[in-house]
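Structure first, commentary second.
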Amino acid sequence: MWLIFALLSAIFAALTSILAKVGIEGVNSNLATAVRTLVVVIMAWGMVFLTNTQAGIFEISRKSWIFLVLSGLATGASWLCYYRALQMGAISKVVAVDKFSIVITLVLSVLFLNEQFTIKTFTGCILIALGTLFMVL
């Protein structure tokens, strides 16, 4: 089931990039990010109430709060930078560099989460890095 959701995530991420590139034309990138974020907030809380899971907010541990807030800050910084890059550059190049986050994530998962870095993972990272470089140049 995770694969279905991961594929849907990729499809929606692709749509996000295309729709954002069209929507950001003539709009300040920070304002565009704020509008997008407001929509995401409304949608996320809508799902919480639709699934009747709002009471779970009181069960979130202190550690989880800290890391969720840090993750939110990282997401905000990522979105602000992404929208600015989209406004300034070609979507094909911006998206390629943005997806280089896969390589960075895999390296960080080894360093901080003790995940395994297999030969397959290493090869995939090299191919993604080369693909990113190839698309940007």
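The values are calculated or read from the model by the stated rules, or taken from the named source; none is laboratory data. What you are looking at is a predicted structure, and each value in this text was computed from that prediction instead of being measured. Note: ideal-geometry Cβ built from the backbone for every residue, glycine included; neighbour counts use all protein chains shown.
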query: Yes or no: Gln87 over 21 Å from Leu133 (Cβ atoms) and in contact (Cβ under 8 Å) with a residue 60 or more places away in the chain?
result: yes
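I'd like to verify a number: residues in the range 56-76 that are farther than 24 Å from Thr33 by Cβ and part of a helix (DSSP H, G or I), how many?
Within the range 56-76, the first condition is being farther than 24 Å from Thr33 by Cβ, and the residues that meet it are 56-64.
Among the residues that remain, those that are also part of a helix (DSSP H, G or I) are: 56-59, 62-64.
The qualifying residues number 7.
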- request: Name the one entry in Ser64, Ser92, Ser29 that is under 18 Å from the mean Cα position of the chain (by Cα) and surrounded by fewer than 14 Cβ atoms within 10 Å (Cβ to Cβ).
  value: Ser92
query: Got a number for residues in the range 106-128 being of a type outside the set (Asp, Glu) and surrounded by 11 or more Cβ atoms within 10 Å (Cβ to Cβ)?
result: 13
message: Cβ-Cβ under 8 Å, sequence separation 6+ or interchain: first residue in the range 1-24 and over 13 Å from Tyr83 (Cβ atoms), partner at pLDDT below 90 and basic (Lys, Arg). Which pairs?
response: none
task: Could you grab the pairs with beta carbons closer than 6 Å, sequence gap of 6+ or different chains, first residue in the range 126-137 and modelled with pLDDT under 95, second one outside any helix (DSSP H, G or I)?
output: Thr132/Phe100
